[in-house]
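The values are calculated or read from the model by the stated rules, or taken from the named source; none is laboratory data. The structure presented is a predicted model; accordingly, all values stated were derived computationally and were not measured. All Cβ positions, glycine included, derive from the backbone under ideal geometry; neighbour counts span all protein chains shown. For accessibility, only protein heavy atoms count, side chains too; no ligands or nucleic acids. Shrake-Rupley method; radii C 1.70, N 1.55, O 1.52, S 1.80 Å.
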Amino acid sequence: MIDEFQHFVDKGSNKIMHNAADWLKVLVDDCHVALVVAGLPTCQAVLERDEQLSGRLLAPMFMPRFDWHNKSEREEFEAILGAFHESISSYFDLPALDSPEMAFRCYCATGGLMGYLSKFLRQAVWNALDSKNKAISLSDLAKAHDMSVWNSAGLIGIPSPFTRDFAGVPTDDMIAKIKLMGLPKEQQSGRTRPQTGNKPASNTAYKVRDVLSAT
């Protein structure tokens, strides 16, 4: 499996690194194993410009952000939250992540992006392990979100989704703003700021990978 496949295209010249592409073709032929490449949409340029490499791969699968207005995508997002909750609740008491209310809060907090969701929940677990808490509350989720998600305070007009007075009504305007999360800064209407989360102490009885086994 090769991640960050878009780096096979040189950003400065927008040209394919043909030496790297040729190396990959030889590697696939010699190893006789399945190959999976993954990356940003720009990685399609590699395959579009290299017929021999594209001929060795099947049609691509796209994994866009979940759309709350799409019923099937919303249900899939809720099912993923349910799997996370089942794993985390084996160690901590916490609100049902896949309930309609909490699912929408998590969607607003992550923009429907799995990368943000896993970072945010991982930070919540790290914080609970560090503080030796047996429960993760709504305020704990708010703190973890603020520490882990780059856009947590970057979008205008969207309050923190984990405050107790958050009005979880999915309006078109709110969804449109949420879909800006994860996009380059110039495409957003607000400012962004990075946050650095803290990892748990090494002497905890169990590890984050155990708690988040759903990942």
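Given the criteria open to solvent by less than 20 Å² (accessible area, probe 1.4 Å), of a type outside the set (Lys, Arg) and either in contact with a helix residue (DSSP H, G or I) (Cβ under 9 Å, 6 or more places away or on another chain) or in a helix (DSSP H, G or I) (or both), does residue 107 qualify?
Yes; evaluated as a whole, the condition is true for this residue.
Looking at (1) free of Cβ contacts under 8 Å to residues at least 40 places away in the same chain; (2) under 24 Å from residue 180 (Cβ atoms), which is the only condition residue 148 fails?
(1)
So residue 150 fits all but one of (1) at pLDDT 65 or above; (2) over 22 Å from residue 86 (Cα atoms); (3) more than 18 Å from the chain's Cα centre (by Cα); what number is the exception?
Of the numbered conditions (1) at pLDDT 65 or above; (2) over 22 Å from residue 86 (Cα atoms); (3) more than 18 Å from the chain's Cα centre (by Cα), the odd one out for residue 150 is (3).
Search the stretch 1-60 for residues being open to solvent by less than 40 Å² (accessible area, probe 1.4 Å) and among the aromatic types (Phe, Trp, Tyr), and hand back the single one that is nearest to residue 115 (Cα to Cα).
5
If you check 62, 66, which single one turns out to be more than 30 Å from residue 135 (Cα to Cα), in a loop (DSSP other than H, G, I, E, B) and aromatic (Phe, Trp, Tyr)?
When all the criteria are applied, what remains is 62.
Does the stretch 160-176 hold any residues that are within 20 Å of the chain's Cα centre (by Cα) and either part of a loop (DSSP other than H, G, I, E, B) or β-branched (Val, Ile, Thr) (or both), and which are they?
160, 161, 162, 175
Select, from 81, 121, 97, the only residue that is part of a loop (DSSP other than H, G, I, E, B), at pLDDT 95 or above and open to solvent by less than 40 Å² (accessible area, probe 1.4 Å).
97
Do any residues in the stretch 57-75 that are more than 19 Å from residue 174 (Cα to Cα) have Cβ atoms under 8 Å from those of residues that are assigned to a loop (DSSP other than H, G, I, E, B), where the two are at least six apart or on different chains, and which pairs are they?
57/35
Before we move on, is residue 83 within 21 Å of residue 174 (Cβ to Cβ) and either out of contact with any His (no Cβ under 6 Å at 6 or more places or on another chain) or of a type outside the set (Ser, Thr, Tyr) (or both)?
no
Within the stretch 54-66, is there a residue that is among the hydroxyl-bearing types (Ser, Thr, Tyr) and under 20 Å from the mean Cα position of the chain (by Cα)?
So far as the stretch 54-66 goes, no, none of its residues is among the hydroxyl-bearing types (Ser, Thr, Tyr) and under 20 Å from the mean Cα position of the chain (by Cα).
Could you list all residues from the stretch 84-94 that are touching a residue at least 24 places away in the same chain (Cβ under 8 Å), over 18 Å from the mean Cα position of the chain (by Cα) and surrounded by 14 or more Cβ atoms within 10 Å (Cβ to Cβ)?
91, 92, 94
Kindly indicate whether residue 128 is at pLDDT 65 or above, touching an Asp or Glu at 6+ places or on another chain (Cβ under 9 Å) and either under 21 Å from residue 89 (Cα atoms) or in a helix (DSSP H, G or I) (or both).
So residue 128 passes the test.
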